[in-house]
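Taking it in order: structure first as C-alpha cells, then the write-up.
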Amino acid sequence: MWFWVIVIAVIIGAAIAYFGGEGKKEDAVEGAMAGGCMAGNCLFQILITGVSIMVILWLFGLLFG
C-alpha cells in the first residue's frame, strides 16, 4: 500500500513540474524525483515516530509493569 503512495506522489510531482516548467522533460524528471523523495521521507518519519512510541511504551511497561 505504501508503494502506491510513493508512486502517486511521483506522478503528481512530475505532472506539476512538466506543466509548470514550459513542458520540458528535465523539469518533469526533477519534479518526479522531488515528489518521490518527499513521499519517502514522510513515510520514513511516520515509521520512526511509530517505533519511538513503541519503545516508550515498552520502557513504561518495564518500569511500572
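The values are calculated or read from the model by the stated rules, or taken from the named source; none is laboratory data. Treat the numbers as computed from the prediction; the structure is a model and nothing was measured. Quick note on the areas: whole protein, heavy atoms, side chains included, nothing else; ligands and nucleic acids left out. Shrake-Rupley method; radii C 1.70, N 1.55, O 1.52, S 1.80 Å.
Counted residue by residue at 0.36 nm each, then reduced by the alpha carbon distance between them, the extension gain from GLN45 to MET1 reaches 14.2 nm. Cα convex hull, the chain: 63 Å³ per residue, rounded to a whole number.
Summed over the residues of the chain and divided among them, the accessible surface reaches 81 Å² per residue at a probe radius of 1.4 Å. Among the protein heavy atoms, those of PHE3 account for about 130 Å² of accessible surface (1.4 Å probe, every chain in place). In the chain, carbon and sulfur make up what percent of the accessible area (probe 1.4 Å)? Solvent-exposed carbon and sulfur of the chain make up 79 percent of the total.
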